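Notes follow the structure.
Computed from the coordinates by the stated procedures, all read-outs in this text should not be read as laboratory data. Since we're looking at a predicted model, the values are computed, not measured. Neighbour counts run over all protein chains shown; Cβ positions are idealised from the backbone, glycine included.
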Amino acid sequence: MKKSMLGVVFTSILISVLLFTASVSANYAAESVFTDVDSSSESYEAIQYLKNNDVIVGYKDGSYKPDDTINRAEFLKIVMEAYGYDVAGYSDCFPDVTDQWFAPHVCKAENIGIVDGYDNGYFMPDWEINFAEASKIVVEAFRLTADTSDSDAWFQQYVVSLELLSAIPTSVNSFNKNITRGEMAEMVWRIKAEKTTKASNTYDNIKIGESSSVGSGDVTSISLMDKGDGNVKWLADGYSASGFKVVWSKTSEPTYPTRSGDKYAYYSDSSTVSGSIDSFGGAGTYYVRVCEYLGGECGVYSNELEIEMSVDSSVDSSVDSSVDEAVVSGDVSSITLVDDFNGEVSWVVDGASVQGYKVVWSKTSGPTYPTREGDEYYFYSDLLVDSTDLEAFDGDGTYFVRVCEYLGGDCGVYSNEVEVELTAVALTE
């Protein structure tokens, strides 16, 4: 009898332990969407919603990387899938969007007028997307109503549309802020699931926040280069929230506010790195500088260039240019690439590549950009980036790697080629 009772007690305890373990496992599974996203994460509900609806899949290592920025191709693909567009059969809509994994989504969006690319004809899929650009794509893709009255910026109507739906994460504090993967999930989820009671930022708050930062700048230096035919390019060390002024004159040291005989062109987009001047004072030598605009005056000035202009060298400098034209020639004389082992490479550049660098690699020697079949690439628009980790996208083995100077559509100078041993840890997106 005692033995029988002990058996019953033991069985009861064992069942209780198993039920408790199953409960804990179920709760953990419910709380963990990805290895780096659980119920304590800021965008947990949004990311969980998109994953459960097969809009996002994350990375092969089980992570989502919510704090990483997202590029234009990734953002557009997710938004198009969230709405449910049929993208089958779409391709070859931009010179840099042909048959890549994101091409059907980009080309469908181009076909129905959601995106139209940059003035140079390119889409720039690898470029990070800022909030202003993201707001336009979301509003257009979800066919939301945009109020076009009383707009003081091209993106105001789109931002206000998101504001009315409480779809602006409070972490978005600038129109030029590069959107993170977590913020993207928040925006899409709030619209799809109609979460209109969530705390949301507003157009006016963001604008006031940007204005309050004007008066002192974050730029430490600007390097100005003569690109010929009245065109100039610059590299700024730091961020100018209110953009740049290009000032020129036949008298040395042109300034803003301008002196008599000075002229300027204003570029409000802080990502702009090129501009043009005209021969408003006739043929001759013009002195040119670029400055960090602080709202009413300039902060840091670039070096001064002397540019010879003819009478017929002219551009419309009254246009508020916000799009960088494609670079047709580079300033890099050589790139030295080094294998740092464990899948990491680094490079040293003699010169400066205004539009950044492409890292290209393949199991076949001589990888290039635009890519051949079997090539892969990363794009780095930040000129300070000088290293990266590579993925074995084609399985374990030896990969041939090069870095090139990006010229907007193709590459200029290539580095030496290195052979790197990689193991398969490829990303799925």
Query - Integer Hz, Karplus 6.51/-1.76/1.60 couplings in order for the stretch 285-296, x for Gly and Pro - result: 8, 10, 9, 10, 9, 10, 10, 6, 7, 10, x, x
Query raised in the report: What pairs from LYS136/LYS192; LYS65/LYS108; LYS65/LYS363 go past 22 Å between their alpha carbons?
Result: LYS65/LYS108; LYS65/LYS363
Report summary line: Measuring from its Cα centre, the stretch 48-212 shows a charge dipole (+1 at each Lys and Arg Cβ, -1 at each Asp and Glu Cβ) which, in debye to the nearest 20, is 600 debye
Query - Cβ-based exposure ranking for GLU421, GLU306, in which fewest neighbours within 10 Å come first - result: GLU306, GLU421
Report summary line: If LEU164, LEU337 are placed from fewest to most neighbouring beta carbons inside 10 Å, the sequence is LEU164, LEU337
Report task. Mind checking the stretch 169-267 for GluC sites (Glu not before Pro) that DSSP puts in a loop (not H, G, I, E or B) and that have at most 12 other Cβ atoms within 10 Å? Result -> GLU194
Report summary line: At the level of C-alpha centres, the distance separating the stretch 46-107 and the stretch 328-399, in angstrom, is 24 Å
Query raised in the report: What full-extension length gain, to one decimal in nm, is calculated for THR368 and VAL348 as 0.36 nm per residue of separation minus the Cα-Cα distance?
Result: 5.3 nm
Query - Qualifying trypsin sites (Lys or Arg not before Pro) in the stretch 117-194, DSSP loop, other Cβ atoms within 10 Å at most 12 - result: ARG143
Report task. Place a +1 charge on the Cβ of each Lys and Arg in the stretch 221-309 and a -1 charge on the Cβ of each Asp and Glu, then give the dipole magnitude about the Cα centre in debye, rounded to the nearest 20. Result -> 120 debye
Query raised in the report: Amide H of LYS363: which non-local residues (sequence gap of 5 or more, or other chain) have their own amide H closer than 5 Å, using H built in the peptide plane?
Result: PHE400
Report summary line: Phi-derived 3J(HN,Hα) across the stretch 38-44 with the Karplus relation (6.51, -1.76, 1.60, θ = phi - 60°), rounded Hz, x for Gly and Pro, is 10, 5, 8, 6, 4, 10, 4
Report summary line: Rh (Kirkwood, all Cα-Cα pairs) for the stretch 221-309, Å, reads 12.7 Å
